[in-house]
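The values are calculated or read from the model by the stated rules, or taken from the named source; none is laboratory data. Keep in mind it's a predicted model, so treat the numbers as computed, not measured. Positions of Cβ are backbone-derived with ideal geometry, glycine not excepted, and every protein chain shown enters the neighbour counts.
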C-alpha cells in the first residue's frame with residue numbers, strides 16, 4: 001500500500017518525498033498565481049488561467065491597483081543674480097531695455113545697495129537728456145515725403161507714361177495713408193460732396209465705401225483697356241454713379257478693410273498695362289455713360305478724384321494731407337479748364353446759363369474769359385464762352401477770374417459752391433457766374 005505522502009500522483013499533482021522517511025509529511029507549496037505565469041510560454045493556452053478557461057466561479061479576477069508614481073521633485077531654484085551681474089544691468093535698466101524679471105531684480109537690488117542706486121539715478125538722468133519725451137508715432141508728413149522722394153529718385157525700368165504718372169502717384173499716396181488704418185478707421189463716416197444743377201449734394205458712406213467707389217469708377221478705365229470689370233459686368237459699363245451704387249449694394253468689400261487690396265491691385269494693373277501698351281494708347285476713348293474722355297485725360301481725371309477723396313478720408317480721421325506736386329496739379333487744372341467750355345454749353349442747353357452772344361463759326365474767335373490760377377500748379381487759361389468750337393482769343397476777353405489752385409480744385413470737385421469761391425473777378429458778371437457754376441458742375445458722385 002502506497003502512502004499519499006510517499007510520492008504518489010493524484011489529479012496531476014506531484015509531491016516530493018520527505019527527506020526523512022518516517023518523519024513528518026511535507027505540505028506542498030501554494031499554486032502559482034495567474035499574474036505570475038509566463039503568458040508567452042508554449043502550452044499556456046491549455047493552462048486553467050488562460051482567458052479561454054475562465055474560473056469556475058464566473059468572477060473575473062481584478063488586478064490590484066497600480067501604485068501612484070512618486071511626485072516629481074521640484075527643480076532647484078535658480079540662484080539670485082550677483083551684485084556684479086545686477087550692476088552690469090543698470091545701463092539697460094535705465095534705457096528700459098531689461099526683461100520683466102531683470103527689471104524686478106534690479107529694482108529690488110537698488111533698495112539694498114546705495115552705490116548702485118546712485119549710479120542708476122545718474123544713468124536715468126542721462127537717458128532723459130539724450131532722449132526727450134516724444135510720441136512714438138511717425139510725423140504726419142514723413143511717409144508721404146519719403147514716398148515722393150523715392151518716386152523721384154530712380155526711374156522705372158519700364159517708364160510710366162507722363163499722363164499716367166499723376167494717377168500712379170496719387171493712388172500710392174492714398175494707399176500709404178490707408179496702410180496703417182485699423183478696423184475702426186475703416187468704418188469712420190465720410191461724406192462725399194458734389195454739385196448738381198444749382199445745389200450741392202452729399203452722400204454719407206465710410207472710408208471703405210470711398211475706396212469701393214474709387215475702384216468701381218476706375219473699372220471704367222479697366223473696361224476700356226480690355227481688362228476685367230471689378231463689378232463683373234458683361235454688358236454696358238454704366239455711369240460712375242450707377243456703378244458706385246451697384247458696388248455698394250452687391251459687393252462684400254465696402255463695409256470692410258478687404259476692399260483695399262483689390263483696389264490697389266487694380267491700380268497697379270492699370271498702370272502696368274498702359275506702360276507696356278506703347279504709344280497711341282492715350283487716344284483710346286473711355287466711356288463715362290453720357291460722355292467719353294481720351295485715356296490720357298481719363299487717367300488725369302482718376303488721379304484728381306483719388307486726391308479729392310483722399311482729402312475726404314484724411315479729414316474724417318483728422319490727418320493732414322498735402323495737395324499733389326506742382327506739375328501734377330497743373331495737369332489736373334488744365335484738364336478742368338479744357339472741359340469748361342463743354343460744361344458751359346451743357347448748362348446752357350439745360351437752361352441754367354445765359355444764351356451765347358451771337359453765333360460763332362467753328363474755329364473763329366469768340367468771347368473769352370481768362371482764368372488765372374495762382375500758387376503751385378498755377379497758370380493762365382482762356383475759356384471760350386459762346387461755343388466749345390470757338391477759338392479763345394485774348395483780344396475778345398470780356399472777363400477775368402483769379403483763383404488759388406487748391407481752391408479751384410475744390411470748386412471743380414463740388415466741395416465749395418460757386419458763391420463761396422473767393423475769386424478775384426473783373427469784367428462781365430454774367431460770364432463770370434456762368435463759368436464758376438460750370439466749374440462746379442464738373443463734379444459728380
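For this structure, a couple of remarks:
- Condition check for residue 417: more than 37 Å from the chain's Cα centre (by Cα), surrounded by fewer than 18 Cβ atoms within 10 Å (Cβ to Cβ) and touching a residue at least 12 places away in the same chain (Cβ under 8 Å): no
- Top-ranked residue in the stretch 248-257 [being assigned to a loop (DSSP other than H, G, I, E, B) and loosely packed, with under 15 Cβ neighbours inside 10 Å; ranked as modelled with the highest pLDDT]: 256
- Residue that is at pLDDT 95 or above, surrounded by fewer than 15 Cβ atoms within 10 Å (Cβ to Cβ) and under 17 Å from residue 439 (Cα atoms), where the choices are 338, 349: 338
- Residue 146 modelled with pLDDT of 90 or more and either surrounded by 11 or more Cβ atoms within 10 Å (Cβ to Cβ) or not assigned by TED's automatic domain parsing to the domain that holds residue 270 (or both): no
- Within the stretch 373-409, the set of residues being under 22 Å from residue 308 (Cα atoms) and without any contact (Cβ under 8 Å) to a residue 40 or more places away in the chain comprises 374, 375, 402, 403, 404, 407.
So that you can scan it fast, the table gives a plain yes or no per residue for (1) surrounded by fewer than 16 Cβ atoms within 10 Å (Cβ to Cβ); (2) assigned to a helix (DSSP H, G or I):
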{"position": "81", "(1), (2)": "no, no"}
{"position": "84", "(1), (2)": "yes, yes"}
{"position": "87", "(1), (2)": "no, yes"}
{"position": "92", "(1), (2)": "yes, yes"}
{"position": "97", "(1), (2)": "yes, no"}
{"position": "101", "(1), (2)": "yes, yes"}
{"position": "105", "(1), (2)": "no, yes"}
{"position": "117", "(1), (2)": "yes, yes"}
{"position": "122", "(1), (2)": "yes, yes"}
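- For the stretch 201-229, filtering for residues that are touching a helix residue (DSSP H, G or I) at 6+ places or on another chain (Cβ under 9 Å), surrounded by fewer than 16 Cβ atoms within 10 Å (Cβ to Cβ) and farther than 18 Å from residue 292 by Cβ leaves 1.
- Matching entry among 232, 238 (being surrounded by 14 or more Cβ atoms within 10 Å (Cβ to Cβ), assigned to a loop (DSSP other than H, G, I, E, B) and either on the phi > 0 side of the Ramachandran plot or not assigned by TED's automatic domain parsing to the domain that holds residue 172 (or both)): 238
- Residue that is surrounded by the fewest Cβ atoms within 10 Å (Cβ to Cβ), among those in the stretch 391-405 that are farther than 14 Å from residue 337 by Cβ and in contact with a helix residue (DSSP H, G or I) (Cβ under 8 Å, 6 or more places away or on another chain): 398
- Test result for residue 362, modelled with pLDDT under 95 and not assigned by TED's automatic domain parsing to the domain that holds residue 170: yes
- Subset of the stretch 258-305 that is more than 16 Å from residue 225 (Cα to Cα) and touching a helix residue (DSSP H, G or I) at 6+ places or on another chain (Cβ under 6 Å) - its residue that is surrounded by the fewest Cβ atoms within 10 Å (Cβ to Cβ): 264
- Checking each residue in the stretch 343-385 for being in contact with a strand residue (DSSP E or B) (Cβ under 9 Å, 6 or more places away or on another chain), in a loop (DSSP other than H, G, I, E, B) and within 24 Å of residue 421 (Cα to Cα) picks out 367, 375, 378, 385.
- Among residues of the stretch 187-211, those that are at pLDDT 90 or above and out of contact with any strand residue (DSSP E or B) (no Cβ under 8 Å at 6 or more places or on another chain), counted: 2
- Test: residue in the stretch 188-206 that is outside the structural domain of residue 352 (by TED's automatic domain parsing), over 23 Å from residue 411 (Cα atoms) and within 21 Å of the chain's Cα centre (by Cα): yes
- Hey, residue 184 part of a helix (DSSP H, G or I) and either surrounded by fewer than 18 Cβ atoms within 10 Å (Cβ to Cβ) or touching a residue at least 24 places away in the same chain (Cβ under 8 Å) (or both) or not: yes
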